[in-house]
Amino acid sequence: MLVDKTMSRRTFLLGAVSTTAVLAGCVSQRDITPVAPPSPRVQDTPYTVAELDAMYGPVEDNGYLIPAVPYQQIDPMYYRQRVKDPTGEVPGTVVVDTPNRFLYLVEENGTAMRYGVGIGRAGFSWGGNGVIKWKQEWPKWFPPAEMIERDPKLKEYSEANGGMPAGLMNPLGARALYIFENGKDTLYRVHGNPDWTSIGKAVSSGCIRMLNQDVIDLYNRVDNLPTPIVVYQ
């Protein structure tokens, strides 16, 4: 198959990159139509039941007891697993394949850790190149002004009011990795998530949702800041 040499390998594999950054505290202002490449399917899980029970079982972390994930109700393609790297990015790069609901952490030797994610619904997306400049355990959540305007009940969690305290029901979950572009906070996050049913779906108000067990694993692997991140749409 011949490929136009002007098209990058990663664009060919994952779809076009939107260079328009749209703010979203996980919110944004512009409707973006993703270009979805064929979805790679995983026929069988690479893990035993015991391994999955250990990966997605209950976790005690910083005084919080994260409940077990009913992984049997999630498509095995979204389980955390090491795969052949399809991105062509340099090792250490985080890549979000928005159409296929995957996040990759590129490794040496042509492999990547792949995680299933939930993403922002149409009209609440950001795409492009940035860096993870900061990360935090059990972060507070500060809904942006645009979100509070849509839902005034969130005003009690505004920055002026101190935000929503960390906890199991906090929308950012157990960990958050903060994305910056051109030195500015995009208000877009890779973060944990108390709702396992959102994995593989477009449901959130913009940010990249992961299972809490998976975001802890990713957080521990992303140890050199700033870390490059590429988000494809």
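The values are calculated or read from the model by the stated rules, or taken from the named source; none is laboratory data. This is a predicted model, so every value here is computed, not measured. Note that each Cβ is placed from the backbone with ideal geometry, even for glycine, and that neighbours are counted across all protein chains shown.
Given the criterion modelled with pLDDT under 90 and either within 12 Å of the chain's Cα centre (by Cα) or closer than 19 Å to Arg114 by Cβ (or both), identify the matching residue among Gly206, Gly200. Steps first, answer last, please.
Details: Gly200 fails: modelled with pLDDT under 90.
Within the list Gly206, Gly200, the selection yields Gly206.
For (1) crowded, with 17+ Cβ neighbours inside 10 Å; (2) not hydrophobic (A, V, I, L, M, F, W, C), each residue gets a yes or a no:
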{"position": "Ala145", "(1), (2)": "no, no"}
{"position": "Arg175", "(1), (2)": "yes, yes"}
{"position": "Ile208", "(1), (2)": "yes, no"}
{"position": "Gln233", "(1), (2)": "yes, yes"}
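Do the conditions hold for Val222, that is, is it of a type outside the set (D, E, K, R) and closer than 22 Å to Tyr71 by Cα? Judged against the criteria, Val222 is not a match.
When Pro38, Pro76, Pro70 are checked against the criterion of being over 30 Å from Glu146 (Cβ atoms) and at pLDDT 95 or above, Pro70 stands alone in meeting it. Checking region 123-138 against the condition returns a match, with at least one residue being touching an Asp or Glu at 6+ places or on another chain (Cβ under 7 Å), at pLDDT below 95 and either aliphatic (A, V, I, L, M) or surrounded by fewer than 20 Cβ atoms within 10 Å (Cβ to Cβ) (or both). Checking each residue in region 84-110 for being surrounded by fewer than 16 Cβ atoms within 10 Å (Cβ to Cβ) and either touching a Ser or Thr at 6+ places or on another chain (Cβ under 7 Å) or hydrophobic (A, V, I, L, M, F, W, C) (or both) picks out Lys84, Val90, Gly92. May I ask you to list the residues in region 178-207 that are under 16 Å from Leu225 (Cα atoms) and touching a residue at least 60 places away in the same chain (Cβ under 8 Å)? Residues satisfying the conditions are Glu181, Arg189, Val190. Pairing residues of region 213-233 that are on the phi < 0 side of the Ramachandran plot and touching a residue at least 60 places away in the same chain (Cβ under 8 Å) with residues that are part of a helix (DSSP H, G or I) and among the hydrophobic types (A, V, I, L, M, F, W, C), at Cβ distances under 7 Å and at least 6 apart in sequence or on separate chains, gives Gln213/Met55; Tyr232/Leu14.
Is it true that Tyr219 is buried (at least 24 other Cβ atoms within 10 Å of the Cβ) and not charged (D, E, K, R)? No; evaluated as a whole, the condition is false for this residue. Residues in region 63-106 that are assigned to a loop (DSSP other than H, G, I, E, B), aromatic (Phe, Trp, Tyr) and in contact (Cβ under 8 Å) with a residue 60 or more places away in the chain: there are none.
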